[in-house]
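Accompanying notes for the structure given below.
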Amino acid sequence: MRVLRVLLRKEFLQIRRDVVILRMLFIMPVIQLIVLANAATFEVKQSRVWVVDQDHSEVSAALVQRLVGSGRFAVAGRSPSHAEADEALMSRGADVILAIPDGFARDIARVRRASVQLAFNAEDGAQAGVASSYASAVIGDYGAELSADLRPTLASADPGRKLPVPGQPRLEVQRRFWYNPTLDYHRYMVPGILVQLVTIVGTIMTALNIVREKEAGTLEQLNVTPIGRATFITAKLLPLWMIAMLQLTVGIIAARLLFGVPLEGPILLVYLAAALYLVAALGLGLWISVVVDTQQQALFVAFALMMVYILMSGLFTPIRSMPDWAQWLAQINPLMHFIALMRAVMLKGAGFMDVLPRLGALFASGLVIMSLAVRQYHKGAA
Amino acid sequence: MNQALVALRSFIWKEIRHILRDRQTLVILLALPIAQVTLFGFALRTDVRDIRLVYVEQQPDAATAELRTRFERNGRFTLIPANPASGSIAAAFRAGKADVALVIAPGLAEGIRTGRVAQMQVIADASDPNTGSTMQAHVLAAITAWQRDLGGRGSGVVIEPRIRMRFNPTLESVNLFVPGLIALILTIVTALMTAISLSREKERGTLEILLVSPLHPWQIIVGKVAPYMILAFINVVSVLVAAWLVFGVPFRGSLALLLAGSTLYALVGLSLGVLIAASTRTQLAAMLAALGGTMLPSTLLSGMIFPINSMPAPLQLVSNIVPARWFVEISRGVMLKGAGFPELWLQFAVLAGMFAAMMSLAIRKFSVRLD
């Protein structure tokens, strides 16, 4: 026990002496949080629409007005021909072409049915899909409004009251967005980014820390001392575990102050999950340090692993959009469970029972990874 | 001059032998890109697949049963039974077992028969805003379709939007991500590997030996960079073949233009790697700088995953100095849109400018004596 205490003191001294690392540990997270949270967004902003109005009527002008008035669209340009519009779409001068054919107003007046064409730049399919549902909604509303105008007897008789017409179902559908009523992307991304920050410290710092001693030859010196394997590993990992927890705290405070991300659920649950998760993250770092010889290799392996780990964790793209085999693979990814848990607890106020399966998965993966890594670690091997 | 070329050739051979000798790294460099494209191509998706819908009838009747059947037959929805209490919806959302809830107020059938307004509520778990609103839109569309079928011919005006999705009609995210992945892979091979290889020689002191040799700094740099250029080219071709064979990513433009763009981008990456190696002292510092300075911006600020239009203005400005951003525009333009040089000259010009600027800076840094 005394040995452990001395070793721990040595580790803390070493970390404290390294100004660069300390700075990296506490300033980097805030910077990363700011950059990542702002960059990592699928939010659909205003689309630039190119108008090809061949009808030149009041009705067609009003339709364009409606689209712009919704705030979702801005007119990027107009042309009488399709050729120019196509060019704009190709060179990214516009995101969507709205083509209103000749006779649009006439058709509405005569047969009450007309069509317009919307051609989206669908390179990014998800964005184009969302923008097209906005456009359809605006155009649909405009049609409904025109119906009211064309029925002056009904509309002006009593504008406040809607007359029941038997056989004509009228549904009033309300839309609700729970947990994120303003559809703010920061709220969704920030809890996940916090997890990623903790992962970088937990895994890469651990791997580098041990490999550095290997490279410097001081690990061999430690190995010939009577210090036991368990004591050595504990002394190496405990300080990093504590730093990561501290970093999480800095991150949660920054998330609250900078982005107004709520913490709906119990904070203890977040720390419990982090404590469990870090065992897996540190274990991975330890395992990397065992299998490689140089810091360069360590960083390389760590980075390759982290890339798979992070991109497949549901941080950026939803797990449920992945094919089934990838979803199964994600189940053994502790990062995925921790991110899902953080989002549930911070945004939805999930309690202990809601996330119990996730906690179980975190515990199990920590146990498996750590014991594999410890078993691989031989004093003689280095 | 002739002598300089001979010297250069033997120097390049030495570098190639260095790389060939390190089998492990070589295999990783050749196999990793293909593995990455396959893995991420399959897994990085944003398409909405099935929607788990909590269907709450506060007072079941013929109409609610009919609507339920429509949802069941739709194929896109998985219905989750729930009791009418709104607390059970929250519980399902919290445990991550449902995506959307549809709550139908009592009297739907009655309302339809008499023409009175019937009310319902579509609640989305919007903690993921995009997925939440997309799923909600699907539920609304299904309800609207049902309503239309019920109403028969209405007297209202119908403006039908005919929507065409250009360049990616099926809206598949693979088509978006794979051209972007090429940028990421090229960055790893070029910038990261050159930075490491050069800074290793620097750390070991062998670079000083090279610098006092009759070789010019530019010869050293060309010799160091040429083998990685070949590797990068092999990677581009293998990734393109994988994208085409495995994912059927469309290939509408000219292959020559894309290869030219890739070569130019690889040159930018290599010069960035040289510059990083020239301005850092240790291998570790070079690697951290390469990771932080190239990998993260290439993933996050290039538009590869996240649309640049969605970012706040300052970040959009910053994205202009990220080389990957310009290359992603080239690769998407050529592959998806069939764009030619007239549409893409700006991107080519920017990349060429970056290459010239970084390379001359790097050569100047190396010409000065080390420390």
From A:ARG92, A:ARG110, residue being of a type in the set (Lys, Arg) and within 27 Å of the chain's Cα centre (by Cα) | A:ARG92
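With the requirement that a residue be at pLDDT 80 or above and of a type outside the set (S, T, N, Q), what does segment B:82-94 give you? Spell out the reasoning first.
Within segment B:82-94, the subset at pLDDT 80 or above is B:88-94.
Answer for segment B:82-94, where residues must be at pLDDT 80 or above and of a type outside the set (S, T, N, Q): B:ILE89, B:ALA90, B:ALA91, B:ALA92, B:PHE93, B:ARG94.
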Quick one: which residue in B:LEU102, B:LEU79, B:LEU53 is modelled with pLDDT of 85 or more, under 30 Å from A:MET189 (Cα atoms), at the interface with another protein chain (Cβ under 10 Å from one of its Cβ atoms) and touching a strand residue (DSSP E or B) at 6+ places or on another chain (Cβ under 6 Å)?
-> B:LEU102
Of the residues in segment A:336-374 that are touching a Pro at 6+ places or on another chain (Cβ under 6 Å) and under 13 Å from B:ARG94 (Cα atoms), the one that is farthest from the other protein chains (Cβ to nearest Cβ) is A:MET342
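Picking from A:ILE193, A:ILE233, A:ILE243, which residue would you name as being more than 25 Å from A:VAL290 (Cβ to Cβ) and in contact with a helix residue (DSSP H, G or I) (Cβ under 8 Å, 6 or more places away or on another chain)?
Numbers: A:ILE233 fails: more than 25 Å from A:VAL290 (Cβ to Cβ); A:ILE243 fails: more than 25 Å from A:VAL290 (Cβ to Cβ).
Exactly one of A:ILE193, A:ILE233, A:ILE243 is more than 25 Å from A:VAL290 (Cβ to Cβ) and in contact with a helix residue (DSSP H, G or I) (Cβ under 8 Å, 6 or more places away or on another chain), namely A:ILE193.
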From A:ARG92, A:ARG110, grab the single residue that is free of Cβ contacts under 8 Å to residues at least 12 places away in the same chain and among the basic types (Lys, Arg).
-> A:ARG110
Look at A:HIS56 and say whether it is at positive phi and not acidic (Asp, Glu).
-> yes
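Looking only at segment B:43-65, filter to residues that are free of Cβ contacts under 8 Å to residues at least 40 places away in the same chain and surrounded by fewer than 19 Cβ atoms within 10 Å (Cβ to Cβ); which one of those is farthest from B:LEU140 (Cα to Cα)?
Keep residues of segment B:43-65 that are free of Cβ contacts under 8 Å to residues at least 40 places away in the same chain, which gives B:43, B:49-50, B:60, B:65.
Applying the additional criterion that residues be surrounded by fewer than 19 Cβ atoms within 10 Å (Cβ to Cβ) yields B:49-50, B:60, B:65.
Details: B:ARG49: 16, B:ASP50: 15, B:PRO60: 20, B:ALA65: 17 Å.
In this case the residue turns out to be B:PRO60.
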Could you list, in sequence order, all residues of segment A:289-327 that are aliphatic (A, V, I, L, M), more than 9 Å from chain B (Cβ to nearest Cβ) and not in a helix (DSSP H, G or I)?
-> A:VAL292, A:LEU315
Are there any pairs with C-beta distances below 6 angstrom linking a residue in segment A:37-50 that is within 7 Å of chain B (Cβ to nearest Cβ) and under 11 Å from A:ALA74 (Cβ atoms) to a residue that is in a helix (DSSP H, G or I) and at pLDDT below 80, with the two at least 6 apart or on different chains, and if so which?
-> A:LYS45/B:ASN309; A:LYS45/B:SER310
Within segment A:201-278, which helices (runs of 4 or more DSSP H) (wholly inside it) include 3 or more residues that are modelled with pLDDT of 85 or more and surrounded by fewer than 18 Cβ atoms within 10 Å (Cβ to Cβ)?
-> A:229-259
Failed condition for B:ASN130, given (1) free of Cβ contacts under 8 Å to residues at least 60 places away in the same chain; (2) surrounded by 18 or more Cβ atoms within 10 Å (Cβ to Cβ), with all others met?
-> (1)
Applying the selection to segment B:149-176, what residues are modelled with pLDDT of 70 or more, loosely packed, with under 14 Cβ neighbours inside 10 Å and more than 7 Å from every other protein chain (Cβ to nearest Cβ)?
-> B:ASP149
Does A:SER81 fit the bill of being away from chain B (no Cβ under 13 Å) and more than 28 Å from the chain's Cα centre (by Cα)?
-> yes
Residue satisfying condition, being part of a strand (DSSP E or B), touching a strand residue (DSSP E or B) at 6+ places or on another chain (Cβ under 9 Å), β-branched (Val, Ile, Thr) and at pLDDT 85 or above, within set A:VAL51, A:VAL64 = A:VAL51
Members of segment B:159-212 found to be at positive phi and without any contact (Cβ under 8 Å) to a residue 60 or more places away in the chain, listed by number | B:GLY205
Evaluate segment B:74-95: report whether one residue or more is touching a Ser or Thr at 6+ places or on another chain (Cβ under 6 Å) and free of Cβ contacts under 8 Å to residues at least 12 places away in the same chain.
-> no
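The values are calculated or read from the model by the stated rules, or taken from the named source; none is laboratory data. The structure displayed is predicted, hence computed values, not measured ones. Virtual Cβ from ideal backbone geometry, glycine too; neighbours counted across all protein chains shown.
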